[in-house]
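Here is the structure we will look at, set down as structure tokens.
No value in this document is a laboratory result; all are computed from the given coordinates. Just so you know, these numbers come straight off a predicted model, no measurement behind them. Here Cβ is always computed from backbone atoms with ideal geometry, including for glycine, and neighbour counts include all displayed protein chains.
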Amino acid sequence: MSGGFSKKLGVNVHEKARFIKAFASPAQIRAALEIYRAFPVNAKFNEEQRDPNNVPLFLAAGDRSLFAKLIPNMAENLRANGCAHVETGQVQGSVHYAVNDQPEAVAELIERNAQ
């Protein structure tokens, strides 16, 4: 993780060391990157799911995340494809990985929206 990139994501020195340790071996990196191999399979599965979906969905990103601007469009696409109850929000003080950046705020969002 380069210094500029980690700064942009709001990663401090201690977190950076933890992330480097977490991805120290080729097997650990492969496990993390395997999610991207699943994208084509997920896209095919999602294309086939067009029935109405009434399960409430709360879609959020960190307020400083590059994804924050994409959330409204993502929500519209979910609604257009059958998701009837989509709400959006932001996790204040979070950048890329909200659960890591603001675990209490994420827990609060879950608790508030699970009712």
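Annotations for the structure displayed:
- Karplus-derived 3J(HN,Hα), 6.51/-1.76/1.60, for each residue of region 78-86, Hz, glycine and proline x: 4, 4, 5, 10, x, 7, 7, 10, 10
- Loop-resident sites, region 7-115, for trypsin sites (Lys or Arg not before Pro), counting at most 12 other Cβ within 10 Å (DSSP): 50
- The chain, helix-only ellipticity at 222 nm - DSSP H runs n ≥ 4, -39,500 (n - 2.57), divided by all residues, nearest 500: -15500 deg cm²/dmol
- For region 52-115: relative contact order, % (alpha-carbon pairs under 8 angstrom, 6 or more apart): 38
- Sorting the Cα pairs of the chain by distance into bins of 10 Å, from 0 upward, gives 12, 30, 38, 18, 2 percent per bin.
- Placing R0 at 35 angstrom, the Cβ-Cβ distance between residue 18 and residue 39 gives a FRET efficiency of 0.85 after rounding to 0.05.
- About the centre of its Cα atoms, the chain shows a dipole size close to 580 debye [charges on the beta carbon of Lys, Arg (+1) and Asp, Glu (-1) only; nearest 20 debye].
- An oblate overall shape is assigned to region 52-115, the ratio a/c of its alpha-carbon gyration tensor axes (a ≥ b ≥ c) being 1.5 or greater and a/b not exceeding b/c.
- Under the criterion of Cα pairs below 8 Å and six or more residues apart, the relative contact order for the chain equals 22 percent.
- Considering only 46, 81, 100, the mean-square fluctuation computed in a Gaussian network model of the chain, springs between alpha carbons under 10 angstrom, is largest for 46.
- Positive minus negative residues near residue 92 (Lys, Arg vs Asp, Glu; Cβ under 12 Å): -3
- Each of residue 107 and residue 70 was given a label point 7 Å from its Cα along the Cα-to-Cβ line. The distance between the two points is 2.9 nm.
- Largest GNM mean-square fluctuation among 27, 17, 98, using the chain with Cα springs under 10 Å: 27.
- Crossing angle, helix 13-22 versus the chain [Cα axis fit, 0-90 degrees, rounded to tens]: 80
- Between residue 88 and 59, the built amide H atoms are under 5 Å apart, and every one of these is 5 or more places off in sequence or on another chain.
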